[in-house]
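**Student:** Starting off with a structure, shown below.
The values are calculated or read from the model by the stated rules, or taken from the named source; none is laboratory data. Computed from a predicted model, the values in this text were never measured in an experiment. Positions of Cβ are generated from backbone atoms using ideal geometry, with glycine treated the same way; all protein chains shown enter the neighbour counts.
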Amino acid sequence: MKLTLTAKASALSALLVALSLPTSFPSAGAIAASDSKENLSTNASARDGYWRTFLEQGQKQLASKSLTEAEVSFRQALRSIKREPHSVDDLVLCMKSLADLLQMEDFKEESWKLYRQALRRLEREYGKDSAKLLPILVTMGSVTEFEGEYKKAAVLYQRAADLARAHLGAQSFELASCLHHLGHAIAQDGPFSGAEENYRSALSIMMAQTSLSSSDCLLELLSDYIDLLHKYTGPAKILTSQYEKELLKDQVQDLGKTRAVPQSAWQQELLRQKQNQNNSSRIVIENAPENSTNLETFSTVAQLLSTLSSSPEFNSFATPVLDRGNGEDQIDYFERMVAIDVKTLGPNHPSVARDLKGLAAVYVTQHRYSEARPLLEQALKIYQSVYAADDLSVQRLRLLLSLISEQALAAAGNSSTTDSASGSADLVAIPLQAQTFEVAQRLNELAFLDYSQGKLEDARNHYAYALSSISNATGRQSVFVAACLQDYLLVMLSSGRKEEADKMQLQARSILAEALSAQLLRAYK
């Protein structure tokens, strides 16, 4: 189910938080000493602590959905605490517990009266600028937002945000949470630019945390942020993408697209993985120039991966020797297979080409591109002599040769780009809870929306988060890392950072080459 901070979910979430019990209470000895000090009667002393019993009982009844019984217990807790020694915090806890339950039961007037009383008690005890007011302000904001009073909710959230910034710091998680709530309230009634500003600040603070309690808060924020950008594009120009022509002609009706925005490389990779898992229809590859090195043919490499992993022929021609032994054993095996096939079937038989590709795959894995290329060229000539020019096997091999050529150039020009550990872009530090595939997916969508709307600075920041998230979640050689880099480099090019874009391009191609090699090691037709 999609996580989104709707007004109703926000209110219920705040109510549940408000109903949680504190982890510790005054000891019986301390209360007895207080009773003695205040010269309370024996009967009053015997009643000491009853409010906690009623509160705990109400909490259990609430958990079991016994709302009527819980209301009775919470009312008794509130009556009892007023007759016992208590702190303001304890009194506010009882008031909020009852108010939250009444809100759930749709008794709006009485619940709001209790919230206001609780707020006034805290203000008298700690002052109007105390951080102690944060929970009640957020709860009251959630309740008013749930009622559709968005401007009133925004005022309460803004006050909470100001207190969090003043007392807990400009990089505190509490501030991020308040800004998220504030952005959501503003998004319902405008101005949308104000909502986006608060979402942007909240995300920046959350991603700077050393740790989060869970990924849920981040996922909710990203969902709300994405929803806002889908509804509000702002004054920025809608940019075009050169990958629009790569959209699958027979899948267009199923593609999730933003308005006037073509699909990103990340979305294409998600679709490819889904097709592979479902064994769905094969992707058709467009013819590509043999020696092309421009970005226009880059995404066809991802499509090539799709055809390799989904084609039945690749599942029926597994190569047992490639699953064991070292590289020299594999080379010896394929050299013998080539010699046998040439002798028995002739030099132009497709089986010879198949074994040549298997031998080349071993060399590619070892980054011995100069030895792999002539083998692949020989295999291509055999295929061209046997199959039509538009045959899928011929197209695969052409694309693979183009990619291998670029890998060889990259290795010669900068050996670090072929080493995933040292060649990958520097990753920004993000919380462990943000290093999941689901978070990475939403960050990529958010960043692509930013780019499509011309918000290049936001897109750069959010792609940096996305790249770190997916790299940590799936490993730096994942094809999803390559897809993220493929989109990221477009932002860099639009920002005039060609050098960084070129580096990302080489890194992405290197990752895809490794993925292709892994496919070829297990299939050789």
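**Student:** Which one of these is in a loop (DSSP other than H, G, I, E, B) and closer than 29 Å to Gln103 by Cα: Gly183, Gly141, Gly148?
**Tutor:** Gly148
**Student:** Here are some residues: Leu134, Leu101. Which one is part of a helix (DSSP H, G or I), out of contact with any strand residue (DSSP E or B) (no Cβ under 8 Å at 6 or more places or on another chain) and either under 23 Å from Arg165 (Cα atoms) or among the basic types (Lys, Arg) (or both)?
**Tutor:** Going through Leu134, Leu101 in turn, the sole match is Leu134.
**Student:** Let me ask you something else. Residue under question is Thr144, and the condition is that it be over 30 Å from Leu78 (Cα atoms) and β-branched (Val, Ile, Thr); does it hold?
**Tutor:** No, not satisfied.
Residues are listed down the side, and each one gets a yes or a no for (1) touching a Phe, Trp or Tyr at 6+ places or on another chain (Cβ under 8 Å); (2) farther than 14 Å from Trp266 by Cα:
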| residue | (1), (2) |
| --- | --- |
| Val428 | yes, yes |
| Gln433 | no, yes |
| Leu446 | yes, no |
| Leu449 | no, no |
| Lys455 | no, yes |
| Asn461 | no, yes |
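**Student:** Can you name the residue in region 491-508 that is crowded, with 16+ Cβ neighbours inside 10 Å and of a type outside the set (A, V, I, L, M, F, W, C) and is also farthest from Lys455 (Cα to Cα) among such residues?
**Tutor:** Among those residues, the one meeting the criterion is Gln507.
**Student:** Could you list, in sequence order, the residues of region 355-369 that are closer than 18 Å to Lys343 by Cα and hydrophobic (A, V, I, L, M, F, W, C)?
**Tutor:** Leu356, Leu359 - these are the residues of region 355-369 that are closer than 18 Å to Lys343 by Cα and hydrophobic (A, V, I, L, M, F, W, C).
**Student:** Within the group Arg460, Arg476, which residue is over 15 Å from the mean Cα position of the chain (by Cα) and closer than 28 Å to Thr365 by Cα?
**Tutor:** Arg476
**Student:** When the residues of region 370-388 are narrowed to those that are of a type outside the set (Gly, Ala, Ser) and touching a Lys or Arg at 6+ places or on another chain (Cβ under 8 Å), which ends up surrounded by the most Cβ atoms within 10 Å (Cβ to Cβ)?
**Tutor:** Result: Leu376.
**Student:** Then there is this: What are the pairs with Cβ atoms under 6 angstrom where one residue, in region 45-68, is within 20 Å of Val88 (Cβ to Cβ) and the other, located anywhere, is modelled with pLDDT under 90 and not charged (D, E, K, R)? Sequence gap at least six, or different chains.
**Tutor:** From residues that are within 20 Å of Val88 (Cβ to Cβ), the pairs are Asp48/Ile31; Arg52/Phe25.
**Student:** Would you be able to tell me the number of residues in region 434-481 that are part of a helix (DSSP H, G or I) and touching a helix residue (DSSP H, G or I) at 6+ places or on another chain (Cβ under 7 Å)?
**Tutor:** Qualifying residue count, region 434-481: 32.
**Student:** Would you call Tyr126 touching a Leu at 6+ places or on another chain (Cβ under 9 Å), free of Cβ contacts under 8 Å to residues at least 40 places away in the same chain and either assigned by TED's automatic domain parsing to the domain that holds Ser97 or among the polar types (S, T, N, Q) (or both)?
**Tutor:** It is true that Tyr126 is touching a Leu at 6+ places or on another chain (Cβ under 9 Å), free of Cβ contacts under 8 Å to residues at least 40 places away in the same chain and either assigned by TED's automatic domain parsing to the domain that holds Ser97 or among the polar types (S, T, N, Q) (or both).
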